[in-house]
Amino acid sequence: MSKRSLTFSHDDPWPDGLVVKFYLVPFPYRRKPVITVREEAARPQRIADVPMALLNASQRGVTDTGLAKAHKVTALPRAYEEEDGRYTIADGHHRVVAAWLRGEDQVRIRIIGLPRKR
């Protein structure tokens, strides 16, 4: 495993004066599907190890403070399975990016199936 680094994006002062560094997410951006919590709960779900190369991000950046806390969260990241065989991260961007920075080639994710378009 090789260590990776993020592209520095910008510093942004928060209202309390804390300066937080924001970094660009290293995955292609794709909008998250519009699905309600109730619909999501009714969709089939499974847990699988997904290659990092198949992931899309639904947010454009992560913070250094979020990355520092990512190892404390035990819940699996959630992703929607798209028709093209890729996965759009719904929740857990910091955890996935932290795994990517550690040099991992795949990540364990809770996959939520979406209805197929006809």
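Numbers for the structure displayed
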read-out: Segments classed as strands (runs of 3 or more DSSP E), wholly inside segment 37-118, with at least 3 members that are under 30 Å from residue 11 (Cβ atoms); value: 61-63, 87-91
read-out: Residue in segment 38-57 that is touching a Ser or Thr at 6+ places or on another chain (Cβ under 6 Å) and crowded, with 17+ Cβ neighbours inside 10 Å present; value: yes
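Quick note: the coordinates plus some simple rules give every number you see, no bench work behind them. Keep in mind that this is a model prediction, so the values were computed, not measured. Don't worry about glycine lacking a Cβ; one is built from the backbone with ideal geometry, like all the others, and counts go over all protein chains shown.
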